[in-house]
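Q: Please find one structure pasted underneath; my questions will follow.
The numbers here are math on the coordinates, done by the rules we state, and not lab data. This is a predicted model, so every value here is computed, not measured. A quick note on method: Cβ atoms are made from the backbone with ideal geometry, for glycine too, and the neighbour counts reach across all protein chains shown.
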Ligand SMILES: *Cc1c(COP(=O)(O)O)cnc(C)c1O
C-alpha cells in the first residue's frame, strides 16, 4: 500500500470536483473508532494526528456520539435572537477553565480562523489615533481568512491575496524584538504559544512572562492563539497555564468539541468590555448542537482525567522517540500530546509517508519536522503500537 502509482477512482473524482486549494488527500477514510481509522481498502491506521489536534476523544467516542445525537433530536439551531441552555453552560464553562473568571466573556463562532477574526476586531477596538498597530510573530499560523491571514507570519501564504487588512507588523520571536516593539502605539500582541504549523516550536524561555509585563505596562492586549495548544493537549487546560501568565484574550477551536466545528474568543478583565452590542456575530456561532457537543467533550476531558493523561502519555511518547536512538532525530519539542520531532535531515515527508505505509498517521508540517498529536484518550496499547510502527518507518527511511 505504499506509493500511489496510478490514480484511483476516488482520486480522479476528487481531482474533478474539489476546489484546488489543497494537495491530493493521502487516503479515502471511511470509519474511525478510538485512536484508529480505516480506509476504503480495509486498512487500519493508528491515528496520531487526530485531525490536526481536533479529535480530543478519538473517533466515535460514545460521549461525543450521544451528545450530538441527543442535541440534534432536541434542538439544533435557533439563531442569535435566542439563547439555549447549552450555550449558557459552555460560556460559563469556558470562563472557568480558561481562568477568565467572573468578568470573562465568551464569543462563539465555527472555526479557528473565525475566532482569530473576532480577536482581530477586538484588537481594533483597543485603538486610538495614536494606538493602531497590531503585532504578530514571524512564522506563526493564525488561519486562512483575510484577517487571520494578515496575522499569519508566513509571507508566502499572504502574498497571492494582497492587499491584506492593514496595520499588522510581524516581528521575530525574541525577547529583544518584543522589547524593541511594544509601546503605547501598539493595540495588541498576538502570540501562538507553541507554533504548531511551523513544526511545534516553543517560545524562548521567559517569553510569555516578558510579553505580559510589557503589554500590561503599555495598555496592549495580549491575545493568545490556543487553537492548537488548548483544551488539555499540552497537559494543562491551556498552555499559558504552564507558564503562569494570564492573557487578556484567548482563541480556542480545534479540540474543543472533538470534531464538531466550533470556535471561541474568550476575554479576560477589561478586554471583556471592548465589544458592544451589534458589532460582531455569526449565524451558526454558538448554536445548541455545537455547544452541547463542546460541553460533553470538555466534561469528559475533565471527568476522565485526560489532561493528566496528556501529560503522562506525552512523556511516554518522548521516551519512545528518544529510544529509537536514530541519527535522524535532532530534538524532541512541544508539551504533553503536542510533540514535534526536529530532524537532522530534510526527510519529514519520507518519514510520514513511510509511517502511513506502516499503518501510522503522523504529519510533516515542514521538511525537517514531524508533528505528533494523538487523541487525549491514548493508553498503554496505543503507545506500544506507536513505538513499533514508528520504528518501521524510521528503519525504512534510514535503510534507503
Ligand atoms: C488550525 C489553527 C488555526 C486555524 O483554525 P481553522 O479552524 O483551520 O480556521 C489558527 N491558529 C492556530 C494556532 C491553528 O493551529
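Q: For residue 166, work out the one condition from (1) at negative phi; (2) out of contact with any strand residue (DSSP E or B) (no Cβ under 8 Å at 6 or more places or on another chain); (3) within 16 Å of the ligand (Cβ to nearest atom); (4) assigned to a loop (DSSP other than H, G, I, E, B) it doesn't fulfil.
A: Failed condition: (3).
Q: Filter region 99-128 down to the residues that are within 16 Å of the ligand (Cβ to nearest atom) and in a helix (DSSP H, G or I) and list them by number.
A: Within region 99-128, 112, 113, 114, 115, 116, 117, 118, 119, 120, 121, 122, 123 qualify.
Q: Can you give me the number of residues within region 23-40 that are under 26 Å from residue 376 (Cβ atoms), within 22 Å of the chain's Cα centre (by Cα) and without any contact (Cβ under 8 Å) to a residue 40 or more places away in the chain?
A: Looking only at that region, the number is 5.
Q: Name, by its number, the condition in (1) part of a helix (DSSP H, G or I); (2) over 19 Å from the mean Cα position of the chain (by Cα); (3) surrounded by 22 or more Cβ atoms within 10 Å (Cβ to Cβ) that does not hold for residue 92.
A: (3)
Q: Find the residue count for region 260-283, including only residues that are part of a loop (DSSP other than H, G, I, E, B) and either in contact with a strand residue (DSSP E or B) (Cβ under 8 Å, 6 or more places away or on another chain) or within 12 Å of the ligand (Cβ to nearest atom) (or both). Spell out how you get there, then give the answer.
A: Filtering region 260-283 down to residues part of a loop (DSSP other than H, G, I, E, B) leaves 261-262, 268, 274-283.
Now drop any that are not either in contact with a strand residue (DSSP E or B) (Cβ under 8 Å, 6 or more places away or on another chain) or within 12 Å of the ligand (Cβ to nearest atom) (or both), which leaves 261-262, 268, 274-275, 280, 282.
Of the residues in that region, 7 qualify.
Q: Sticking with this structure for a sec: Before we move on, is residue 157 at negative phi, more than 10 Å from the ligand (Cβ to nearest atom) and in a loop (DSSP other than H, G, I, E, B)?
A: Details: at negative phi: yes; more than 10 Å from the ligand (Cβ to nearest atom): yes; in a loop (DSSP other than H, G, I, E, B): no.
No.
Q: Determine which single condition residue 389 fails, assuming it passes every other condition in (1) assigned to a helix (DSSP H, G or I); (2) without any contact (Cβ under 8 Å) to a residue 60 or more places away in the chain.
A: Exception for residue 389: condition (2).
Q: I've got another one for you. For residue 305, are the conditions met, namely being without any contact (Cβ under 8 Å) to a residue 12 or more places away in the chain and out of contact with any helix residue (DSSP H, G or I) (no Cβ under 8 Å at 6 or more places or on another chain)?
A: Working: without any contact (Cβ under 8 Å) to a residue 12 or more places away in the chain: yes; out of contact with any helix residue (DSSP H, G or I) (no Cβ under 8 Å at 6 or more places or on another chain): yes.
The answer is yes for residue 305.
Q: For region 126-160, which residues satisfy the criterion of being closer than 26 Å to residue 200 by Cα and exposed (fewer than 13 other Cβ atoms within 10 Å of the Cβ)?
A: 155, 156, 159, 160
Q: For region 345-366, how many residues are under 20 Å from the mean Cα position of the chain (by Cα) and not in a helix (DSSP H, G or I)?
A: 6
Q: Another question about this same structure. Taking the stated definitions as given, is residue 222 without any contact (Cβ under 8 Å) to a residue 60 or more places away in the chain and more than 12 Å from the ligand (Cβ to nearest atom)?
A: Details: without any contact (Cβ under 8 Å) to a residue 60 or more places away in the chain: yes; more than 12 Å from the ligand (Cβ to nearest atom): yes.
Answer is yes for this residue.
Q: For region 18-37, give me each residue that is closer than 20 Å to residue 351 by Cα and part of a strand (DSSP E or B).
A: 36, 37
Q: How many of the residues making up region 237-258 are over 17 Å from residue 104 (Cβ atoms), crowded, with 24+ Cβ neighbours inside 10 Å and touching a strand residue (DSSP E or B) at 6+ places or on another chain (Cβ under 8 Å)?
A: Residues of region 237-258 over 17 Å from residue 104 (Cβ atoms): 239, 242-244, 253-255, 257-258.
Narrowing the set further to residues that are crowded, with 24+ Cβ neighbours inside 10 Å leaves 239, 253-255, 257-258.
Within this subset, residues satisfying the condition of being touching a strand residue (DSSP E or B) at 6+ places or on another chain (Cβ under 8 Å) are 239, 253.
Going through region 237-258 one residue at a time, the tally reaches 2.
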